[in-house]
Amino acid sequence: MMKGTSASSEDLTGIVDHLRSVKGAEVAILFREEGEKVKVNFRSKEKINVSKIAKSLGGGGHIRAAGCIIAGKLHDVKKKVIDKVLRSI
């Protein structure tokens, strides 16, 4: 889909930032498959330190914006990440 629209990785940052702005959302997560790995971007509003979550998954970042790359299939990575986020609430 990205190739068909000439979108870049930077274009996706805007999507996860927009998702964070949704009323009632505390954390926004964007998953992107790249080969045998999944890139994960996190954004939060006030309560969740997404840097801690990303670091626990081998990534890093800031308290409100962070990310990581996880080897595996999208379905498995999503479950692992969402479980970790829910445990941090």
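See the values below:
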{"item": "HIS18 being part of a helix (DSSP H, G or I) and either at pLDDT 95 or above or surrounded by 14 or more Cβ atoms within 10 Å (Cβ to Cβ) (or both)", "result": "no"}
{"item": "Region 30-49 - residue that is among the aliphatic types (A, V, I, L, M) and surrounded by fewer than 20 Cβ atoms within 10 Å (Cβ to Cβ) and, of those, farthest from HIS62 (Cα to Cα)", "result": "LEU30"}
{"item": "Some residue of region 62-84 being surrounded by fewer than 16 Cβ atoms within 10 Å (Cβ to Cβ), in contact (Cβ under 8 Å) with a residue 40 or more places away in the chain, of a type outside the set (Phe, Trp, Tyr) and not in a helix (DSSP H, G or I)", "result": "no"}
{"item": "Which numbered condition ILE53 misses (of (1) in contact with a helix residue (DSSP H, G or I) (Cβ under 9 Å, 6 or more places away or on another chain); (2) assigned to a helix (DSSP H, G or I); (3) exposed (fewer than 14 other Cβ atoms within 10 Å of the Cβ))", "result": "(3)"}
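Each row is one residue, and each column tells you yes or no for (1) over 15 Å from ALA65 (Cβ atoms); (2) part of a strand (DSSP E or B); (3) without any contact (Cβ under 8 Å) to a residue 12 or more places away in the chain.
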site: LYS3; (1), (2), (3): yes, no, yes
site: ASP11; (1), (2), (3): yes, no, yes
site: VAL38; (1), (2), (3): yes, yes, no
site: LYS47; (1), (2), (3): no, no, no
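The values are calculated or read from the model by the stated rules, or taken from the named source; none is laboratory data. All values reported here derive from a predicted model rather than from experimental measurement. Glycine also receives a Cβ, built like all others from the backbone with ideal geometry; neighbour counts cover every protein chain displayed.
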